[in-house]
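Notes follow the structure.
The values are calculated or read from the model by the stated rules, or taken from the named source; none is laboratory data. The structure displayed is predicted, hence computed values, not measured ones. As a convention, Cβ positions derive from the backbone with ideal geometry for all residues, glycine included, and neighbour counts pool all protein chains shown.
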Amino acid sequence: MPKPRVFPALSLFVTATAGRNLTRTASIAVTAGVVMMVLLTVDPAYEAAHHWVDAVLWACLAFFVFEWVVRLRYAFAAKRGRAYALSGRGLVDAIAAAAVPLAILLGANPKTAWLMGVFWLLKVVPGIPGLRQLRRVLVLESGPLLSVLVIFLMVLFLASVAVHALQSDV
């Protein structure tokens, strides 16, 4: 007999978070966190609402830690814990969850430590279709792109040598 679910909303959140996609809640947390970090850097705004700014930042951090733990638990239950922990998404989740507390533990000024929350923006990157397409193009066309880059650097070097040679007498 299945266990009765006490918190259906929490169960739904855990199910959505365990997947690979950025959830709507995570998008809201990233947006709110970035807005609060901006307010953190504006002294009059921070002084006027520092309790709210701190509360929202702590709530965002708690969310990212909780989300990371849920994803780790789900990955270990599916026998893919190590693969997830060492994947790009797993590392981004770990950095998003650990950067601020680690900075605080290492003695950084709390206002400065909260700026490490900028790593939360990395969670948005996989959900942008244009960036996925750009990555695919870079991977598929890396050879020709590298050739163009080498030619560009050679032309730039030759141009700088020519400019130096022309201006060395002046």
So ILE151 clears everything in (1) touching a helix residue (DSSP H, G or I) at 6+ places or on another chain (Cβ under 8 Å); (2) loosely packed, with under 11 Cβ neighbours inside 10 Å except one condition, right? Which one?
(1)
Evaluate the stretch 58-77: report whether one residue or more is farther than 17 Å from THR25 by Cα, in the same structural domain as ARG24 (by TED's automatic domain parsing), small (Gly, Ala, Ser) and outside any helix (DSSP H, G or I).
no
Please work out which residue is modelled with the highest pLDDT, limiting yourself to the stretch 14-57 and to residues that are not hydroxyl-bearing (Ser, Thr, Tyr) and not in a helix (DSSP H, G or I).
VAL42
Residue that is farthest from VAL34 (Cα to Cα), among those in the stretch 82-132 that are basic (Lys, Arg) and loosely packed, with under 13 Cβ neighbours inside 10 Å
ARG82
Residue hits (the stretch 78-106; assigned to a loop (DSSP other than H, G, I, E, B) and at pLDDT below 90) are ALA78, LYS79, ARG80, SER87
